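See below for the structure under consideration.
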Amino acid sequence: MPVRRLNHAVLYVRDLAATVEFYNYALGFETRTEIPGRAAFLRAQGTSNDHDLGLFAVPEGKLPGGAYIGLYHLAWEVGTLGELAEVRDRLAARGALVGASDHRVSKSLYAKDPNGIEFEVMWRVPAEEWEHEVNSGAMIAPLDLEGEIARWGDRVTGAAAGSVT
């Protein structure tokens, strides 16, 4: 069975309170369960998951045995380019936005949370357009989000549209 979307992720973090506040603000998550100073479980708006993000506090940024925490990135999908623009504005307001790319089949923002953990927030081009998009230019280009909104409007795609393809 292939993986279709990110169901949930678990991160080890240095500052649990700052991380919970960041994800609640930047991505609109809600805190489902919290063990003060130790762990928190957050849920995205409209999800049927118990939690989409688990956070575990690690004193001084080290795991047992001395290994350092770290992660390249996780990808969170939004349903519309309007939502992507809203997330962009929230991330920029926090000084967390570190990049934006047009991957032809997806439009992506890159940001870092208070721990320096990078993540991606992306919108998927409608699946029936992927072949055309792949053949339309370089696979990675700067993202012109306003241009993409003008092109695609507020079209709902991906998991938000009930599609996992």
Open item on the list: If ILE149 satisfies all but one of (1) modelled with pLDDT under 95; (2) over 30 Å from ALA17 (Cβ atoms); (3) in contact with a Gly (Cβ under 9 Å, 6 or more places away or on another chain); (4) not aromatic (Phe, Trp, Tyr), what's the number of the condition it fails?
Closed with: (1)
TODO: For residues that are surrounded by 13 or more Cβ atoms within 10 Å (Cβ to Cβ), within 22 Å of GLU77 (Cα to Cα) and over 17 Å from the mean Cα position of the chain (by Cα), tally how many sit in the stretch 1-40.
DONE: 2
Task: Boolean, GLY95 is small (Gly, Ala, Ser), surrounded by fewer than 18 Cβ atoms within 10 Å (Cβ to Cβ) and at pLDDT 95 or above - done: yes
TODO: Only residues in the stretch 119-142 that are in a helix (DSSP H, G or I) count as the first member; pair them with residues that are of a type outside the set (S, T, N, Q) and modelled with pLDDT under 90, Cβ under 7 angstrom, at least 6 apart or cross-chain, and list the lot.
DONE: TRP130/VAL105; GLU133/VAL105; VAL134/VAL105
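Which members of the stretch 11-44 meet the condition of being hydroxyl-bearing (Ser, Thr, Tyr) and part of a helix (DSSP H, G or I)?
THR19, TYR23, TYR25
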Task: Those residues of the stretch 25-51 which are modelled with pLDDT of 90 or more, of a type in the set (D, E, K, R) and touching a Lys or Arg at 6+ places or on another chain (Cβ under 9 Å), in sequence order - done: GLU30, ARG32, ARG43
Task: TRP76 modelled with pLDDT under 90 and in a strand (DSSP E or B) - done: yes
TODO: Go through the stretch 80-109 and count every residue that is part of a strand (DSSP E or B), under 14 Å from the mean Cα position of the chain (by Cα) and over 14 Å from TYR23 (Cα atoms).
DONE: 8
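The values are calculated or read from the model by the stated rules, or taken from the named source; none is laboratory data. Only a predicted model underlies this, so the values are computations on that prediction, with no experimental measurement involved. Neighbour counts are summed over all protein chains in view; Cβ atoms, including those assigned to glycine, are modelled from backbone coordinates with ideal geometry.
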